[in-house]
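Written below as structure tokens is the structure these notes are about.
The values are calculated or read from the model by the stated rules, or taken from the named source; none is laboratory data. Predicted model only: the values in this text are computed from it and were never measured. Every residue, glycine among them, receives a Cβ derived from its backbone with ideal geometry; neighbour counts consider all protein chains shown.
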Amino acid sequence: MPELDSVRALRDRGVDFRIIELKQRAVSVEDVVKYSKSEIAVDEICKTILLKDSAGERHAVFLLGGHRIDFGKVKAVIGRSAKIATFEEVKATTGVEPGAICPILLAPPILVDRRVLTKERINFGSGDHLYGLEIKSRDLEKLVEYHLVDIAKDP
């Protein structure tokens with residue numbers, strides 16, 4: 001396994017974590033479940049999505065993998081309409097492709113949907129499509145500055 005910046009950040013901050021190794025490249029929640037070499041709880045999978053607002057500003061949102069963004073709620077939070085950033089914008093902003101974004105490596109603050117913290121454990125991208133990371137949700141605050149918001153569509 002390569003020495004990932006995300007793993008280094010977790011170690012530097014003294015956060016307990018588990019590396020989730022995948023059999024092949026994963027981009028979606030379904031891929032993570034299908035390709036995980038170990039047991040994984042699908043409801044603990046989170047995703048980080050980069051948005052671009054109408055003024056060109058970028059915003060990272062972090063939500064449960066099975067949830068969808070409510071763009072009306074996003075507009076209420078950031079004050080402008082937004083859309084999902086293009087592949088090229090994601091790569092230019094984060095240095096990685098969609099599906100590999102690691103929320104703890106992004107410039108703060110990120111927008112974290114409140115439902116994420118209802119889970120005891122969460123897992124997310126590591127910056128590498130072949131590895132995920134799992135932590136206790138309460139440790140997220142040790143790793144990145146964020147705003148806790150309601151941005152997911154109601155089920």
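Points worth noting:
- For the condition closer than 19 Å to R138 by Cβ and either in contact (Cβ under 8 Å) with a residue 40 or more places away in the chain or not in a helix (DSSP H, G or I) (or both), L10 qualifies.
- All told, D139 falls short of being among the acidic types (D, E), within 17 Å of I40 (Cβ to Cβ), outside any strand (DSSP E or B) and more than 11 Å from the chain's Cα centre (by Cα).
Quick grid of which residues meet (1) of a type in the set (D, E); (2) in contact with a Cys (Cβ under 9 Å, 6 or more places away or on another chain); (3) surrounded by 14 or more Cβ atoms within 10 Å (Cβ to Cβ):
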residue: P103; (1), (2), (3): no, yes, yes
residue: L111; (1), (2), (3): no, no, yes
residue: E120; (1), (2), (3): yes, no, no
residue: K136; (1), (2), (3): no, no, yes
residue: E141; (1), (2), (3): yes, no, no
residue: E145; (1), (2), (3): yes, no, no
residue: I151; (1), (2), (3): no, no, yes
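- Candidates G72, G95, G65 - the one that is farther than 22 Å from L148 by Cβ and either out of contact with any Asp or Glu (no Cβ under 9 Å at 6 or more places or on another chain) or crowded, with 16+ Cβ neighbours inside 10 Å (or both): G95
- Members of the stretch 74-91 that are more than 17 Å from the chain's Cα centre (by Cα) and at negative phi: K75, A76, V77, I78, R80, S81, A82, E88
- Checked against the criterion of being more than 21 Å from L105 (Cβ to Cβ), of a type in the set (S, T, N, Q) and surrounded by 13 or more Cβ atoms within 10 Å (Cβ to Cβ), the stretch 17-26 has no qualifying residue.
- Taking first residues from the stretch 19-32 that are within 16 Å of H67 (Cα to Cα) and partners that are outside any strand (DSSP E or B), the Cβ contacts under 6 Å between residues at least 6 apart in sequence or on separate chains come to V27/G99; V29/G65; V32/A26.
- One residue alone among E3, E44 is at pLDDT below 95 and among the acidic types (D, E), and that residue is E3.
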